[in-house]
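The values are calculated or read from the model by the stated rules, or taken from the named source; none is laboratory data. Just so you know, these numbers come straight off a predicted model, no measurement behind them. We place every Cβ from the backbone using ideal geometry, glycine too, and count neighbours over all the protein chains shown. Please note that ligands, DNA and RNA were not included when accessible areas were found on the heavy atoms of the full protein model with its side chains. Shrake-Rupley method; radii C 1.70, N 1.55, O 1.52, S 1.80 Å.
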Amino acid sequence: MMYSYEELKAFVNSCTKCPLSQTRNKPVMGRGSLKPQILFVAEAPGNSEDRDGIPFTGRSGKILDELLKHVGLSREEIYLTNVVKCHPPNNRDPRPEEQEACIPYLKYETYLLKPKIIVCLGRIAAQRIISPGYRISREHGTFLYRKDTWLTAVYHPSAILRDPVKMEETKQDFERIVEKLF
Ligand code: URA
Ligand code: SF4
């Protein structure tokens, strides 16, 4: 059975497949271009996103916007989503069983969007999408090619908020991501 993007969004918005459905305010479906060259995948909605139902509306979003601007990209031409679509209480890491329950939505988003590059934002996404032993501090900014798609990871914007020194390296990683488009 094939579902449209709008159908997928409706499933997410009424999903009760894992316990996060009991504590969330709003599910946070991904958003952006439906024909993006780059798909960004983060971990899970935070407090602002849970309030708004939109990815990256909080402080991390400001960092992400700065990185996008650095390479001349806008939110309208990329697509932004998360491994789990509902906010974990107290911003704890999403549990493996929550990730398992939610990952089919990300897989279907990826199938519909067919990005040229998938950029994992942070360790949780990188370990889920690239490999379980992914080491973000060592491997960020490196690329691998799998199933017609470039995969890479960068520091999560919240890691940059905690340690602003990471901004410069991450800008360089974004420059390399954009080079892959040509
Ligand atoms: N942090 C995330 O991992 N995802 C969001 O959507 C916002 C903040
Ligand atoms: Fe459904 Fe994912 Fe939300 Fe769990 S996190 S309730 S699987 S949308």
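Principal-axis analysis of the Cα atoms of the chain puts helix 166-179 at an angle of about 90° to the longest axis. Axis of helix 59-70 versus longest Cα principal axis of the chain: the two differ by about 40°, to the nearest ten degrees.
Lys17 contributes an accessible area of around 110 Å² to the protein surface, as traced by a 1.4 Å probe with all chains present.
Suppose only helical runs count, i.e. DSSP H with n ≥ 4. What mean residue ellipticity at 222 nm does that imply for the chain under -39500 (n - 2.57) per run, divided by all residues and rounded to the nearest 500 deg cm²/dmol?
Working: 9 runs with 80 residues, N = 182.
Rounded to the nearest 500, the figure is -12500 deg cm²/dmol.
Relative contact order for the chain: 24 percent, from Cα pairs under 8 Å spaced at least 6 residues apart, divided by residue count.
Bridges between two residues of the chain, per DSSP, are antiparallel at a rate of about 30%. For region 1-61 versus region 84-129, the spacing of their alpha-carbon centroids is 10 Å. Of the peptides 80-91, 5-16, the ranking by mean beta-carbon count within 10 Å, highest at the top, reads 80-91, 5-16. Using only side-chain charges placed at the Cβ, +1 for Lys and Arg and -1 for Asp and Glu, the dipole size of region 5-180 relative to its Cα centre rounds to 160 debye.
Where in region 24-44 does the label zone of Asp148 land, with the point 7 angstrom along Cα→C-beta and an amide N cut-off under 16 Å? Residues passing the 16 Å test: 35-39. How large, in percent, is the carbon and sulfur part of the accessible surface of region 1-53 at a probe radius of 1.4 Å? Reported share for carbon and sulfur atoms: 50 percent. By a 1.4 Å probe calculation restricted to protein chains, Ser137 has an accessible surface near 70 Å², given to the nearest 10.
Any chance you could give the angle, 0 to 90 degrees and rounded to 10, that helix 96-113 forms with the longest Cα principal axis of the chain? Once rounded, the angle reads 70 degrees. Solvent exposure of region 46-182 amounts to 50 Å² per residue of accessible area, where only protein heavy atoms count and the probe is 1.4 Å.
In whole percent, how big is the carbon plus sulfur part of the accessible area of region 121-182, probe 1.4 Å, protein atoms only? Don't skip to the answer; put the middle values down first.
Values: 1720 of 3440 Å².
That share works out to 50 percent.
Once a ≥ b ≥ c are taken as the square roots of the eigenvalues of the Cα gyration tensor of region 89-147, is the result rounded (a/c under 1.5), prolate (a/b larger than b/c) or oblate (a/b not larger than b/c)? Because a/c hits 1.5 or more and a/b fails to exceed b/c, region 89-147 counts as oblate.
Note on the chain: Cα Rg divided by 2.2 N^0.38 Å, N the number of residues, gives 0.96. Distances between placed amide hydrogens fall under 5 Å for Gly30 paired with Asn82, all partners being 5 or more residues away or on another chain. Here's the list of lysines a cross-link from Lys17 could span, going by alpha-carbon distance under 27 Å and ignoring same-chain residues fewer than 8 apart: Lys9, Lys26, Lys85, Lys107, Lys114.
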